[in-house]
Amino acid sequence: MRIDVVTIFPEFFDVLDISLLGKARQTGLLEVTAHNLREFTHDRHRTVDDTPYGGGAGMVMKPEPWGEALDAILGPDATSAGEEGEIVSSAEAPVVIFPSPAGTVFTQAMARELAQREHLVFGCGRYEGIDQRVFDHTATRAEVRLVSIGDYVLNGGEVAVMAMVEAIGRLIPGVVGNPESLVEESHEDGLLEYPSYTKPAAWRGLEVPPILLSGNHKAIADWRRTQQIERTTRVRPDLLPPDLLPNE
Ligand code: ADE
């Protein structure tokens, strides 16, 4: 998979050199490039923002550097060349994702879907956001999504992109050594994961639930499932599938 990130802080993404994703980059499973938006400006101050039309607090990111950065990544813009822009929708067609608290919420299902794509482009906004025309124009040449990682506001899209790249990258076949570990975790079957224990069997007066030491695989699987349902009901009742909702 190829991932391009446009940001005014490309060094943010240096941490992708380490851990499992770093290894995936070394082996070629994942190719990540961070592009500095300021490289696509032409003034002495490398300006990327300006005051908002209509007034208001803060600054808005200017469309021109974004247009040039996206041209460099997606290829020359057919619409400005006077040609009919055609949006191709296939696994090869790039998806351009703008992290935004105003976007649809990122979920494990979205991570799974995006992990199937060959090319993702992330555009990190800062300040009060990006000129709306950048989204509208990009939508004439690629699939565009505004995506939020949760109902809170960050200073910019970089941290949100890091979270999404990690969630998506680990689902690319071969990135996580043991694919079974992906199946048994929170959100994969719509429930939160069960609690885990390792040795020693007793620690600071706390015992591992005896059933886990029983060797009875069926009983262990049943216990884990009950724990998942109990935990999800308590912490995230909104996630419960209809067949597990308590009868009124
Ligand atoms: N940028 C600022 N806040 C954000 C959020 N919650 N999700 C994604 N991008 C953001």
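Bear in mind that the values in this text are calculations on the coordinates, not laboratory data. The shown structure was predicted, so the numbers you read here are calculated from the model rather than taken from an experiment. We place every Cβ from the backbone using ideal geometry, glycine too, and count neighbours over all the protein chains shown.
Quick notes on this one:
- Of the trypsin sites (Lys or Arg not before Pro) in segment 3-48, the ones in a loop by DSSP (not H, G, I, E or B) with at most 14 other beta carbons within 10 Å are Arg44, Arg46.
- Alpha-carbon centroid distance for the pair segment 106-153 / segment 190-212, whole angstrom: 39
- Least to most buried among Asp77, Asp243, Asp131, Asp222 (fewest other Cβ within 10 Å first): Asp243, Asp222, Asp77, Asp131
- Choice from His42, His119, His137 showing the highest fluctuation, given a GNM over the chain with Cα pairs closer than 10 Å: His42
- Two-site FRET efficiency, Gln132 against Val15, from Cβ-Cβ distance with R₀ of 35 Å, rounded to 0.05: 0.65
- Each of Trp66, Trp223 was scored by other Cβ atoms within 10 Å of its Cβ. Listed from fewest to most, they are Trp223, Trp66.
- Taking the number of Cβ atoms within 10 Å of each Cβ as an exposure proxy, the fewest-first ranking of Arg225, Arg141 is Arg225, Arg141.
- Prolate/oblate/rounded label for segment 102-155 (Cα gyration tensor, a/c 1.5): oblate
- Dipole of the chain, positive end: most advanced residue of Pro76, His137, Leu37 [Cβ charges, Cα centre]: Leu37
- Rounded, prolate or oblate (a/c below 1.5 giving rounded, otherwise prolate when a/b exceeds b/c) for the chain by Cα gyration tensor: prolate
- Mean sequence separation of contacting Cα pairs (under 8 Å, at least six apart), scaled by the length of segment 85-172, corresponds to a relative contact order of 45 percent.
- Average Cα contact separation per residue, segment 4-135, under 8 Å, 6 or more apart, as relative contact order %: 30
- Here Lys23 is the anchor, and the aspartates and glutamates within straight C-alpha reach of less than 16 Å, apart from those fewer than 8 places off in the same chain, are Asp14, Glu31, Glu166.
- Mean sequence separation of contacting Cα pairs (under 8 Å, at least six apart), scaled by the length of the chain, corresponds to a relative contact order of 19 percent.
- Ser148 long-range amide H proximity, modeled H, under 5 Å: Ser100, Gly103, Thr104, Val105, Phe106
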